[in-house]
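The values are calculated or read from the model by the stated rules, or taken from the named source; none is laboratory data. In this text, all values refer to a predicted model and were calculated from it rather than measured experimentally. All Cβ positions, glycine included, derive from the backbone under ideal geometry; neighbour counts span all protein chains shown. Surface accessibility is based on the protein's heavy atoms, side chains included, excluding ligands, DNA and RNA. Shrake-Rupley method; radii C 1.70, N 1.55, O 1.52, S 1.80 Å.
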Amino acid sequence: MDVPKEQITALLDNALFNSAQLLGSFLVSSSTVNAETSPHLKAENLVLLGDALFREREYRRAIHTYKQALQYYKIIPKQNSTSSRSALSASNRSSSPNSFNICAINENEVKFKIASCHFALSENKVALVEMEGIPSKARNLQMSLLMAKLYRNTKHTRGAVTCYRECLRQCPYVIEAIIALAELGASAKDIISLFPQTPNRGGRAQLDHGDSSRWLQRYVEAQCCIASNDYKGGLELLAELLQRFPNNTHILLEMAKVEAIIGKNDEAIMNFEKVRSIDPYVVTYMDEYAMLLKMKSDYSKLNKLVHDLLSIDPTRPEVFVALSVLWDRKDERGALSYAEKSIKIDERHIPGYLMKGNLLLALKRPESAVMAFRGAQELRADLRSYQGLVHSYLAFSKVKEALYAAREAMKAMPQSAKALKLVGDVHASNSGGREKAKKFYESALRLEPGYLGAALALAELHVIEGRNGDAVSLLERYLKDWADDSLHVKLAQVFAATNMLQDSLSHYQSALRINPQNEAAKKGLERLEKQMKGVDPDAPEEEEENEVDDADAEQEEAELL
């Protein structure tokens, strides 16, 4: 043979994939290999070339090459196939079913490789057709996991559950299968029961139920708590795991994600920053961190984060969500295009849908925002998608739908003060429901006394109904324990409404000391300064300052007349 197969094998084993595919082109075009007399050699050579193309991420070419290999494989006479296979199995090269660099032709493995290419190209349905051509008994762990992902991506939940369960039967340490089963509604007991108790002939991983593996059971319980919206229980279990595995970035990220969902923003930011100090190149969940930085108006850290992410891997969906968060301040439409790009990269990326929904709401497109928040809910319903749905429905006066979504949140999270407050928000949207809203806000504060969102909403209700004194006493009670800019802004607004201008000024200044970027405080202070000068803050600007506006006003008056 002109090109020894061992050479391309060596290149593949040493991860020299570009050289391997260049040499592979010589291998498959060699005149010494007659396709008619030696179809098995032709097929084997094509598989090696396909492996090199796959590793180079030239997925279309790899698919084409693998399919050519299968065509030659099908014309191999049975006796030739058997003899060549036995000879090849004796070679030095690994024939592991998990290896992409195999010498012997195995039709099922080649189909798996074709499916892997389609999966990499996000062609889930085509990939699933290839995988379903592999008998279930012939599937190894890697194949079962790909099947599970494909079933889940194509919304075949039952098939996904079956395949994820099979993964854990073969190996209890497939962490992504544990997370997926928890999200698909499996109980901790059900998942743990799948773990192999004793080693078997198939070489499956054994789970030692002693102290050494108890952490894995705790991890399963934590993921099941989070998936069932028991965030408090999930955080407690993760904190317990963190004591055993200090500085574990995965656990810290999981904790930060949950803290972000339930509004424990300071704790979440602290954990995200700890992860970045341990491993500055982590991209996972960094879009969640970006959202928190924007909420804190910490634009210097947000700028640095986005710059870092772009230098690490500009193709990840988290990077585009972070870009969307950054651009939200400058250009909402540009930010929206980045959010949509993140979803295009990964249709299962929840923060992309949440960001898109919030941007559409800000752009006064609540009907489209509902679709985005529904997209997030289909993947995993959490507090933020419920909040987005409720606010979107209220924005176009769909009170009945908003109330239904808020009640769904309350059913899903019966111990959540945030869910109770959400029902209160719907009732507060109309004058007839204010008494009910008051009860829900008070219940939320009884359940979580430190929940500022409910305190601010209740204070707003007091102001609307003319109970300014009650609003002030409520907010000042919280001020003793919380140095929060939004609390100062609300107090400033209440004092301004009761003509206590000096007190209002003091609180606006306090808010800006805590957060110099607080837009509500800036606008409120500007309005207050006009009031203190005796100028009506709602009066139109002077003529010489804005002649164009006056011309517009004259035109409107003419139209009215």
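In debye to the nearest 20, how big a dipole does the range 283-380 give about its Cα centre with +1 on each Lys and Arg Cβ and -1 on each Asp and Glu Cβ? Don't skip to the answer; put the middle values down first.
Numbers: 16 positive and 14 negative charges, 51 e Å.
Using Cβ point charges on Lys, Arg, Asp and Glu, the range 283-380 gives about 240 debye.
What order do you get for 247-255, 153-161, 7-15 when each peptide is scored by the mean count of other beta carbon atoms within 10 Å, highest first?
On the way: 247-255: 19.7, 153-161: 15.0, 7-15: 16.7.
My ranking of the peptides, most packed first, is 247-255, 7-15, 153-161.
By the gyration tensor of its Cα atoms, with a ≥ b ≥ c the square roots of the eigenvalues, what is the shape of the range 18-75: rounded for a/c under 1.5, prolate for a/b over b/c, or oblate? Don't skip to the end; give the middle numbers.
On the way: a/c = 3.01, a/b = 1.45, b/c = 2.08.
Here the range 18-75 falls in the oblate category.
Which listed residue (359, 410, 373) has the Cα farthest towards the positive end of the charge dipole for the range 297-444, taking +1 on Lys and Arg C-beta and -1 on Asp and Glu C-beta about the Cα centre?
410
What does the extension gain come out to for residue 108 and residue 155, with contour length at 0.36 nm per residue minus their alpha carbon separation? Spell out each step's value before the answer.
Details: separation 47, 0.36 × 47 = 16.92 nm, distance 2.42 nm.
Extra length available between residue 108 and residue 155 comes to 14.5 nm.
Given contacts defined as C-alpha pairs under 8 Å and at least six residues apart, what's the relative contact order of the chain, whole-number percent?
With pairs under 8 Å counted, the relative contact order is 5 percent.
Would you mind telling me the share, in percent, of accessible area of the chain contributed by carbon and sulfur at probe 1.4 angstrom? Intermediate values should be presented prior to the final figure.
On the way: 14220 of 28550 Å².
It is 50 percent, rounded to a whole number.
Measure nothing but the geometry: give the 0 to 90° angle between the long axis through the Cα atoms of 547-560 and the longest principal axis through the Cα atoms of the chain, rounded to 10°.
Orientation of helix 547-560: about 80 degrees from the principal axis.
Tell me the per residue accessible area of the chain using a 1.4 Å probe; a whole number in Å² is fine. Mind dumping the intermediate values first?
Numbers: 28550 Å² over 561 residues.
Result: 51 Å² per residue.
Identify, among 459, 482, 493, the residue whose Cα sits farthest towards the positive end of the charge dipole of the range 363-517, taking +1 on the Cβ of Lys and Arg and -1 on the Cβ of Asp and Glu, with the dipole about the Cα centre.
The listed residue farthest towards the positive side: 459.
As an exercise, use a Förster radius of 45 Å and the Cβ-Cβ distance of residue 465 and residue 173 to find the FRET efficiency, rounded to the nearest 0.05.
Numbers: r = 58 Å, r/R0 = 1.29.
Plugging the Cβ-Cβ distance into 1/(1 + (r/R0)^6) gives 0.20.
Within the range 273-316, whose backbone N sits under 20 Å from a point 7 Å along Cα→Cβ of residue 363?
291
What order do you get for 446-455, 128-137 when each peptide is scored by the mean count of other beta carbon atoms within 10 Å, highest first?
Details: 446-455: 17.8, 128-137: 15.6.
Going by the mean number of other Cβ atoms within 10 Å, highest first, we get 446-455, 128-137.
With a/c under 1.5 counting as rounded, go ahead and sort the range 283-380 into rounded, prolate or oblate using the C-alpha gyration tensor (a ≥ b ≥ c being the square roots of the eigenvalues; past the cut-off, prolate if a/b is larger than b/c, else oblate). Kindly include the intermediate steps, with their values, before the conclusion.
Working: a/c = 1.86, a/b = 1.32, b/c = 1.42.
It comes out oblate by the Cα gyration axes.
Relative contact order of the range 376-467, please, whole-number percent, based on alpha carbon pairs below 8 angstrom and at least 6 residues apart. Can you show the working numbers first?
On the way: 99 pairs, mean separation 18.2, N = 92.
Relative CO of the range 376-467 lands at 20 percent.
Run lengths n ≥ 4 of DSSP H only: what is the helix-derived mean residue ellipticity at 222 nm for the chain, with -39500 (n - 2.57) per run over all residues, to the nearest 500?
Details: 31 runs with 398 residues, N = 561.
After summing the helix terms and dividing by residue count, I get -22500 deg cm²/dmol.
Among (1) 91, 68, 58; (2) 100, 63, 43; (3) 74, 62, 49, which is the computed Cα extents along the principal axes in Å?
Recomputing Cα extents along the principal axes in Å here gives the entry labelled (2).
Compute the long axis of helix 107-120 from its Cα atoms, compare it with the longest principal axis of the Cα atoms of the chain, and write down the angle in degrees, 0 to 90, nearest 10.
With both axes taken from Cα atoms, the answer is about 20 degrees.
Rounded to the nearest 20 Debye, what is the dipole magnitude of the chain about its Cα centre when Lys and Arg each give +1 and Asp and Glu each give -1 at the C-beta? Write down the numbers at each step before the final one.
Details: 71 positive and 76 negative charges, 743 e Å.
For the chain, the charge dipole is close to 3580 debye.
At a Förster radius of 51 Å, what calculated FRET efficiency corresponds to the Cβ-Cβ distance of residue 344 and residue 473, to the nearest 0.05?
On the way: r = 51 Å, r/R0 = 1.00.
Step by step, r from the Cβ atoms, then E = 0.50.
Against the longest principal axis of the chain, how steep is helix 249-261, in degrees 0 to 90 to the nearest 10, with axes from Cα atoms?
Value to nearest ten degrees: 40.
Arrange the peptides 51-59, 142-150 so that the one whose residues have, on average, the most other Cβ atoms within 10 Å appears first. Could you put the intermediate results ahead of the total?
Working: 51-59: 19.9, 142-150: 23.0.
Listed from highest to lowest mean packing, they are 142-150, 51-59.
Provide the FRET efficiency to the nearest 0.05 for the residue 22-residue 162 pair, computing r from the beta carbons and using R0 = 56 Å. Walk me through the numbers before you get to the answer.
Numbers: r = 42 Å, r/R0 = 0.75.
For residue 22 and residue 162, the calculated efficiency is 0.85.
At a probe radius of 1.4 Å, what is the per-residue accessible area of residue 31, in Å² to the nearest 10?
Number for this one is 110 Å².
Working out 0.36 nm times the residue gap between residue 509 and residue 190, then minus their Cα-Cα distance, what length gain in nm do you get to one decimal?
Details: separation 319, 0.36 × 319 = 114.84 nm, distance 5.56 nm.
Contour length minus the Cα-Cα distance gives 109.3 nm.
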